Each structure stands twice: as C-alpha cells, then as structure tokens.
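The values are calculated or read from the model by the stated rules, or taken from the named source; none is laboratory data. What you see is a predicted model; the values in this text were computed from it and never measured. Positions of Cβ are generated from backbone atoms using ideal geometry, with glycine treated the same way; all protein chains shown enter the neighbour counts.
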Amino acid sequence: MDRIYNGMPATQLGSKGWRKPWSGGNGGSCVEAMRLGDGRVALRQSNDPDGPALIYSPHEIEGFIRAAKSGEADFLLV
C-alpha cells in the first residue's frame, strides 16, 4: 500500500484485521477498528465496508478512549 490517509476507501486497507469492539445490538450497524502496522488506528462503518476509513494516531485514539471512560463523551448518549 502506497499511502494511508484519512478518508481513503477502507477496502484499500484489506479485509483482514477489522474488529467490532463497539458492537451493540443495533441491527448490525457497528464501528469496526483496525490497528495499522505503524500504530495508527483505522475506523469504518460496518454496514459500509467499502466506504471511507478514518485514520487516527495512537495519541488521538488514546485520548478519545480515556475521555470516554471518564464520562466526557456521555453527552453523546440519548
């Protein structure tokens, strides 16, 4: 793969290695994550595996997970 970038087609990252850590009984619409070889993390929508992949640095993912665990993302809950 020549270049990994934010918004690239997720299919260009391959089909192996995607996981559904946030699966939530919502009819199969889940966020899938893949750790890339350089430590970055790719996210995609499971019901659109050919759609764009969002690419995050290890620091960005760590910050998001820490904030979510501490309740800073609770405003997103209905």
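Observations
- Filtered residues of the stretch 41-78 (kept if within 10 Å of the chain's Cα centre (by Cα) and either more than 14 Å from Ala10 (Cα to Cα) or loosely packed, with under 13 Cβ neighbours inside 10 Å (or both)): Ile61
- The residue that is modelled with the lowest pLDDT, counting only those in the stretch 1-34 that are among the hydrophobic types (A, V, I, L, M, F, W, C) and assigned to a loop (DSSP other than H, G, I, E, B), is Met1.
- Tally of residues being at pLDDT 95 or above and either in contact with a strand residue (DSSP E or B) (Cβ under 6 Å, 6 or more places away or on another chain) or not hydroxyl-bearing (Ser, Thr, Tyr) (or both) across the stretch 45-60: 9
- Of all the listed residues (Gly51, Gly37), the sole one being under 21 Å from Ile4 (Cα atoms) and touching a helix residue (DSSP H, G or I) at 6+ places or on another chain (Cβ under 7 Å) is Gly51.
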